[in-house]
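Take a look at the structure below.
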Amino acid sequence: LEHATTIRDVPAREWDELLGDRGSFTTGGLALLEETFRDQSREENNWRFHYFTARRPDGAPLLLTFFTEALWKVDMLAKPEVSRRIERARATDPMYLTSRALMMGSTITEGQHLFVDRSGPWADAVRGLLDAVGRLQERCGAKFVVLRDFPDDDLEMDALMLDCGFTKHAMPETFVLDIDWTTDEGFLAGLSMKGRRHQ
């Protein structure tokens with residue numbers, strides 16, 4: 001299992017071919033995130049990135065993913081009324097009910113963050129990844145490990161994750177914008193008067 005802490009140390013072509021079309025985490029997108037979320041004055045705006053690759057004996061990738069070490073709002077999956085009360089408390093104490101977490105992907109990326117070639121010993125590769133992430137969790141003091149954006153119908157992966165001690169939780173719905181316009185004018189016509197003024 002290979003571990004890198006910057007996307008610049010990961011083979012770009014391989015990454016983009018296997019994960020680049022799954023969301024906003026191409027090598028270029030991740031380089032931008034790394035640049036944006038480092039050397040910031042506020043703790044919550046500083047992230048650490050961890051890239052993992054498991055390879056077959058011939059060097060072909062069996063597993064690729066990335067994790068972000070960052071602050072996590074403990075109420076992230078709480079009911080809206082609970083989060084609203086906690087956010088009021090955060091007005092005077094911004095770190096209220098936050099903890100360091102290791103999450104697959106990042107808080108602002110969506111899509112399947114894990115590539116696994118199921119024609120090889122994929123379950124062993126995933127277990128090796130989870131062992132490495134567990135050791136990393138101890139080193140960085142993360143309270144949570146969050147594995148996210150798995151397909152709902154992947155029963156084999158569900159069983160493996162449960163066997164490894166993880167629980168399953170539904171994530172909030174993804175926002176999808178239906179694009180029924182092809183020109184700037186068409187886009188503007190669909191906005192409210194205030195929205196058009198801002199644009």
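The values are calculated or read from the model by the stated rules, or taken from the named source; none is laboratory data. Only a predicted model underlies this, so the values are computations on that prediction, with no experimental measurement involved. Here the Cβ positions follow ideal geometry from the backbone for every residue, glycine too, while neighbour counts run over all protein chains shown. Note: accessible area is taken over every heavy atom of the protein model, side chains too, but ligands, DNA and RNA are not part of it. Shrake-Rupley method; radii C 1.70, N 1.55, O 1.52, S 1.80 Å.
Worth a mention:
- Of the trypsin sites (Lys or Arg not before Pro) found in region 133-199, those in coil by DSSP whose Cβ has at most 14 other Cβ atoms within 10 Å are Lys143, Lys168.
- For region 11-17, the Karplus equation 6.51 cos²θ - 1.76 cosθ + 1.60, evaluated at θ = phi - 60°, returns couplings of x, 4, 4, 4, 4, 5, 5 Hz by residue, with Gly and Pro reported as x.
- Across all Cα pairs in region 27-84, the calculated P(r) in 5 Å bins from zero up to the longest distance comes to 4, 14, 16, 15, 15, 14, 11, 5, 3, 1, 0 percent per bin.
- Cα convex hull of the chain, projected area averaged across orientations, nm²: 14.7
- Which of Leu18, Ala54, Trp72, positive extreme of dipole for the chain (C-beta unit charges): Trp72
- For the chain, the share of accessible area belonging to carbon and sulfur comes to 52 percent (1.4 Å probe, ligands and nucleic acids excluded).
- Loop-located trypsin sites (Lys or Arg not before Pro) in region 42-108 (DSSP state other than H, G, I, E, B) with a sparse environment of at most 16 neighbouring Cβ atoms within 10 Å: Arg42.
- For q = 0.15, 0.17 Å⁻¹, Debye-computed log10 I/I(0) when each Cα of region 138-199 counts as one equal scatterer: -0.68, -0.73
- Sequence-distant residues sharing a close amide H with Glu2 (under 5 Å, placed H): Thr53, Ala54, Arg55
- Debye, to nearest 20: dipole size of the chain, +1 on Lys, Arg Cβ, -1 on Asp, Glu Cβ: 940
- Shown for the chain: lysine pairs separated by 8 or more places, or found on different chains, whose C-alpha atoms are under 20 Å apart, numbering 4.
- When Rg and the Kirkwood Rh are both derived from Cα coordinates, the Rg/Rh ratio for region 1-109 amounts to 1.07.
- For the options Trp122, Trp181, Trp72, a Gaussian network treatment of the chain with springs between C-alpha atoms closer than 10 Å singles out Trp181 as fluctuating the most.
- Comparing mean-square fluctuations of Asp39, Asp117, Asp58 from a GNM of the chain with C-alpha springs under 10 Å, the top value falls on Asp58.
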